[in-house]
Amino acid sequence: MTWLNSIQNSMMIGMAAGYLYELSEVWPLLENAEVGFVPEGKEIREENLSYRLPVHFVGDRMRDDAVRPVMLKDFREYLLRNTLSETLEHTREYCVATHQEDKLLSADWYHFARVLRNAITHDSVIRFDRLARPPLAFGRWTIEAAHEGKHISQTGVASTATIPLLVAIHRFVDEKLD
């Protein structure tokens, strides 16, 4: 599935960028830096820029030893959160479009992933629904009934569950779907 690989590749590029931002040799490259967008089909030239986004502040913040670790942690969390969200959304849409939703709903990771995704993309609070009832387990992580209404940081389920979930989703798509 091309869309699944595209999502994964974007996350990996982001993780690599996060690593590069930790290197002080990279920071000077960001001085006065801007990212420009050119409409598809147009030549990449100054006069064809449709939008210019200043990114020089990233280099400034990377130089601050107190800010850098927080910013990079937030960025990595963002990548994990969005990768899980996009992967679940596209997988669900594919299953609905190909009439394989029953396979998705019965996947051992699905309801755990959905509750986790809902928490990390909304307000970080665990909420169950009529389809996702506790306890929900995946690997070494469990979301218990006592976690209902609690901040995800109080559950023992961290973003470290995201990568194993992504692996499980990829395996599901490769092995279970037509």
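Check region 111-118 and report whether any residue there is surrounded by fewer than 14 Cβ atoms within 10 Å (Cβ to Cβ) and either of a type in the set (Lys, Arg) or in contact with a helix residue (DSSP H, G or I) (Cβ under 9 Å, 6 or more places away or on another chain) (or both). Give the steps one after another, and end with the answer.
Here is the first cut: in region 111-118, the residues surrounded by fewer than 14 Cβ atoms within 10 Å (Cβ to Cβ) are none.
No: zero hits.
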Restricting attention to region 154-170, report how many residues are under 10 Å from ALA113 (Cα atoms) and among the polar types (S, T, N, Q). 1
Working carefully through the options LEU49, LEU20, find the one that is surrounded by 10 or more Cβ atoms within 10 Å (Cβ to Cβ), modelled with pLDDT under 95 and over 25 Å from the mean Cα position of the chain (by Cα). LEU49
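I need a count of the residues in region 136-150 that are over 30 Å from ASN9 (Cα atoms) and within 20 Å of the chain's Cα centre (by Cα).
Taking region 136-150 and keeping what is over 30 Å from ASN9 (Cα atoms), we get 144-150.
Checking the rest, the ones that are also within 20 Å of the chain's Cα centre (by Cα) come to none.
Looking only at that region, the number is 0.
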What number goes with the only condition from (1) in contact with a Lys or Arg (Cβ under 7 Å, 6 or more places away or on another chain); (2) assigned to a loop (DSSP other than H, G, I, E, B); (3) aliphatic (A, V, I, L, M) that ILE44 does not pass? (1)
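Residue-wise test of (1) within 17 Å of ASP174 (Cα to Cα); (2) surrounded by 15 or more Cβ atoms within 10 Å (Cβ to Cβ).
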| residue | (1), (2) |
| --- | --- |
| MET11 | no, yes |
| GLU31 | no, no |
| GLU43 | no, no |
| HIS90 | yes, yes |
| LEU105 | yes, no |
What are the residue pairs meeting all of these: first residue in region 106-117, first residue outside any helix (DSSP H, G or I), second residue of a type outside the set (A, V, I, L, M, F, W, C) and surrounded by fewer than 23 Cβ atoms within 10 Å (Cβ to Cβ), Cβ atoms under 9 Å, and 6 or more apart or on different chains? ALA107/LYS176; TRP109/GLY139; TRP109/PRO164
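The values are calculated or read from the model by the stated rules, or taken from the named source; none is laboratory data. Computed from a predicted model, the values in this text were never measured in an experiment. Ideal geometry is used to build each Cβ from the backbone, glycine not excepted, and the neighbour counts take in all protein chains shown.
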